[in-house]
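Data block below; observations after.
The values are calculated or read from the model by the stated rules, or taken from the named source; none is laboratory data. Keep in mind it's a predicted model, so treat the numbers as computed, not measured. Virtual Cβ from ideal backbone geometry, glycine too; neighbours counted across all protein chains shown.
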Amino acid sequence: MATTAWRGLAPVRAVLDNGAVVIAQQSPTTPAVTIHASCAAGTVCDPPDRPGVAHFISRTIDRGTLHRSADEIAEELDRRGVSLSIGVNRHAVSLVCTCLVEDLESILGIVADIVMHPVFPDEEVSTRRGEIVTLIRQDEDNPVAIATEGLLTDLYGPAHGYGRRPKGSVESVEAIDRAALQRFHSAWFRPRSLSLVMVGDVEPAHAISAATAAFAEWEAAPPPSLALEAVPPTSGRRIRVVPMMNKAQADVAYGFTSIRRADPAYYAYWLMNNILGQYSLGGRLGDSIRERQGMAYYVFSALDANVIPGPLTVRAGVSPDNVERAVASIDDELATLGSEGPTVAEIAESKQYLIGSLPRTLETNMGIATFLQTAEFFGLGSDYDLRIPALLQAVTRDEVHEAARRTLVPAQATVVIAGPYAGPVQ
């Protein structure tokens, strides 16, 4: 197998006295440093009676601190040509930016101030609340959002951390005020929930020293424990149609619960998903439904093995006339892969692709920082990039077949269809 030579990363990991984790990777390709700060305070941490707080935090945390106003933060970043991106997922709120090496200490100071000392001014909270309500109403008019969020709700239940709408509802967001944001921040933003990754043209010792200076004053108890219950696989097929007759396209979200990221079978599932249709123009789904049958504007599969068994989903966008045929074709492709398994050629090609693509995903500081955050979150080890090829190569065809047989069962699929279609579909 011919693959790009890969010598591996060499991250340096340190744990500060307050429990914060700092990871530094030297990468001399450009005179810049990417900073990726992640706090384990994602949407699963939302209060059950007030979904949307973590997302609201991600929209307001940089709008003023004890030491800087929102305008001062923006001016300091702009003066150094830095754009700060803040995002949230199920398990983390992340602050990401890239700065020149000589600005590392200054930018770390700003990031630390935002993470540790936000004040959530009432005026900013009111402004962001209005923006979030607008986003929620846009989602409620978007077949893609209705189908994808609806699938997760049906798989996990509306009260589960994986099944709640990440932005919340209009009603819950209108009830979120400054006090609610402060309570959430105080509970979940703690030193022991922080992992800080820095990648760039800087000595790891210097980067860790700068991070220590920025965050050493932060003292707090560990964050609360969070218990997420796994959801058992469904015992029967469930189909829900959400008619949106003023739209041009129907969106199909089709899926199952799968496995935990820590499951030893993960690599078999990774290969299985790649064979099925990890990329919209590749895999069995794309070849059959989009290329040969011409039924879908897009079709792909996605595996989100996570802290608990996460979803394995198939997504497709089709004309309303093709909904029944597209769902039947998804059924056929999944059933065939589950019953017959992958071919020897599919296994070899998928291994070659996934192993060969690894160096490309780590070509940029941002790609490396994201990879290292993922490895830290799941406890994969500092040499994970070097172990991936052997982990994939060790997977057998029978193991991939077993992953497909266990999971890709159309009779147990949950399907949500949103768009100009009223059903029925089997």
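Quick notes on this structure:
- Some residue of segment 169-182 being of a type in the set (Asp, Glu) and in contact (Cβ under 8 Å) with a residue 40 or more places away in the chain: yes
- Wholly within segment 12-69, strands (runs of 3 or more DSSP E) carrying at least 3 residues that are of a type outside the set (S, T, N, Q) and surrounded by fewer than 22 Cβ atoms within 10 Å (Cβ to Cβ): 12-15
- A single member of Arg137, Arg128, Arg183 is in a helix (DSSP H, G or I), in contact with a Phe, Trp or Tyr (Cβ under 8 Å, 6 or more places away or on another chain), among the charged types (D, E, K, R) and outside the structural domain of Pro243 (by TED's automatic domain parsing), and it is Arg128.
- Failed condition for Thr374, given (1) β-branched (Val, Ile, Thr); (2) out of contact with any helix residue (DSSP H, G or I) (no Cβ under 8 Å at 6 or more places or on another chain); (3) within 26 Å of Gly163 (Cα to Cα); (4) surrounded by 15 or more Cβ atoms within 10 Å (Cβ to Cβ): (4)
- Selection of helices (runs of 4 or more DSSP H) fully inside segment 324-426 by the criterion of at least 2 residues being touching a Ser or Thr at 6+ places or on another chain (Cβ under 6 Å) and not hydrophobic (A, V, I, L, M, F, W, C) returns 344-361, 365-377.
- Some residue of segment 234-249 being under 22 Å from the mean Cα position of the chain (by Cα) and either over 19 Å from Ala147 (Cβ atoms) or without any contact (Cβ under 8 Å) to a residue 24 or more places away in the chain (or both): no
- Failed condition for Asn274, given (1) touching a Ser or Thr at 6+ places or on another chain (Cβ under 6 Å); (2) polar (S, T, N, Q); (3) surrounded by fewer than 22 Cβ atoms within 10 Å (Cβ to Cβ): (3)
- Residue under evaluation Thr148, criteria (1) outside any helix (DSSP H, G or I); (2) under 27 Å from Met245 (Cβ atoms); (3) in contact with a Ser or Thr (Cβ under 8 Å, 6 or more places away or on another chain), criterion not met: (1)
- Residue within segment 287-300 that is part of a loop (DSSP other than H, G, I, E, B), aliphatic (A, V, I, L, M), over 25 Å from His91 (Cα atoms) and in contact (Cβ under 8 Å) with a residue 12 or more places away in the chain present: yes
- Set Ser172, Ser186, Ser193: member being out of contact with any Lys or Arg (no Cβ under 9 Å at 6 or more places or on another chain) and under 28 Å from Gly310 (Cβ atoms): Ser193
- Residue that is over 21 Å from Thr257 (Cα atoms) and either surrounded by 17 or more Cβ atoms within 10 Å (Cβ to Cβ) or of a type in the set (A, V, I, L, M) (or both), where the choices are Ala369, Ala328, Ala411: Ala369
- Some residue of segment 381-392 being closer than 26 Å to Gln26 by Cα, surrounded by fewer than 20 Cβ atoms within 10 Å (Cβ to Cβ) and among the basic types (Lys, Arg): yes
- For segment 156-179, the criterion of a residue being among the basic types (Lys, Arg) and assigned to a helix (DSSP H, G or I) is satisfied by at least one position.
- Which numbered condition Ala216 misses (of (1) within 21 Å of Ala147 (Cα to Cα); (2) of a type in the set (Gly, Ala, Ser); (3) in contact with a Leu (Cβ under 9 Å, 6 or more places away or on another chain)): (1)
- Out of Thr98, Thr127, one residue alone is of a type in the set (S, T, N, Q), at pLDDT 95 or above and crowded, with 21+ Cβ neighbours inside 10 Å. It is Thr98.
- Residues that are charged (D, E, K, R) and under 21 Å from Val416 (Cα atoms), drawn from segment 228-283: Arg237, Arg238, Arg240, Lys247, Asp251
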